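Following: one structure in C-alpha cells, then a few remarks.
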Amino acid sequence: MSEWIEGRNAVLEAFRSGRTVDRVYLLEGCQDGPLHTIAREARKKNTIVTYVPRERLDQLSKTKAHQGVLAQVAAYDYASVEDILARAKEKGEPPFLILLDNVEDPHNLGAVIRTANLAGAHGVIIPKRRSVGLTATVAKTSAGAINYTPVAKVTNLVRTMEELKKEGIWFACADMGGQSMYQTDMSGPIGLVIGNEGEGVSRLVREACDFVVSIPMRGDIDSLNASVAAGVLSYEIVRQRLTENKKK
C-alpha cells in the first residue's frame, strides 16, 4: 500500500486520474514548466503545496529519482460530508459526527476512527490543513475500522460546521473549561469537536460551536489524550441516546 508517488509524470498522472493527493512537495526555487503544471493541478484540487530544499526531497525519496517532486497520497479514499449524513439517514438515526481540529498524530486519528465505529458515530471529519491524512499508520491503528467508518476531508472546518448547522446539527467543543458532559444534552443531532493536546480546539472553530463540554477530572494532570477524550465523550453521547430511546 503505497503512500508516496515520485517523479513528475507519475505525480501529474495521479492528479489527472482523480487519486486523492494529500500534499505535494516541490523543489524550492525551481522555475521549470512541469513543476509549475503540477503546482497548478494541486491548487485546483485544494491540495497543500510545500516548497522544500533538495536535501529534504532526497531525504523523503525512496527511489532517489524524484525529479524535484514528491506527492503524499491517501492510503484510503475519503468520503464526502454528504455521504456521512446519508449514512445517518439510512440508519434512521440523528447524525453523530466527530470533527478533529489540528490533530496531526496518525495514532490519534486511527484511534478516533476506531472509537467512532464502536460508538456508532456516522463519520469523522478532518481539515485539509494541519491534520494527518489517511495513511497506512492510521489504517493500522484503526484496527480495520477505517473500512467501515467514512472520513471526510474538508477545506474549511468552520464553513462545513455552518453548513451542517442548517441540517439541524449542534456542535459541542471539548474543552476542560466547559460544562460537565453529565449536565449537557448531547442526545440529538451532534457534532463532537476535538482539538489536539497542546493547543486544544482553535479559536475560530471553538467560536463556531454551540456549547463547550468538559470531562470531569479527578487527577493531578489537566488533560487527556485527544483520542481518549473523544472516546469518553462519545460514550456519554451513546449513554444519553440509549436513555432517550428508553423514554420513547
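Points worth noting:
- For region 109-132, filtering for residues that are open to solvent by 10 Å² or more (accessible area, probe 1.4 Å), within 21 Å of R23 (Cβ to Cβ) and touching a residue at least 60 places away in the same chain (Cβ under 8 Å) leaves 2.
- Applying the criterion of being polar (S, T, N, Q) and buried (at least 17 other Cβ atoms within 10 Å of the Cβ) to the residues of region 62-81, the residue that is nearest to the chain's Cα centre (by Cα) is Q72.
- Those residues of region 199-248 which are of a type in the set (D, E), part of a loop (DSSP other than H, G, I, E, B) and either under 21 Å from the mean Cα position of the chain (by Cα) or within 13 Å of A116 (Cα to Cα) (or both), in sequence order: E199, D210
- Out of G198, G177, one residue alone is over 28 Å from T141 (Cα atoms) and of a type in the set (G, A, S). It is G177.
- Among the residues of region 11-43, those that are open to solvent by 40 Å² or more (accessible area, probe 1.4 Å), part of a helix (DSSP H, G or I) and touching a residue at least 12 places away in the same chain (Cβ under 8 Å) comprise R16, P34.
- Some residue of region 141-150 being among the hydrophobic types (A, V, I, L, M, F, W, C) and more than 16 Å from the chain's Cα centre (by Cα): yes
The values are calculated or read from the model by the stated rules, or taken from the named source; none is laboratory data. Since we're looking at a predicted model, the values are computed, not measured. Reconstructed Cβ throughout: ideal geometry from the backbone, glycine too, with neighbour counts over all protein chains shown. Areas reflect the complete protein model, heavy atoms only, side chains present, ligands, DNA and RNA absent. Shrake-Rupley method; radii C 1.70, N 1.55, O 1.52, S 1.80 Å.
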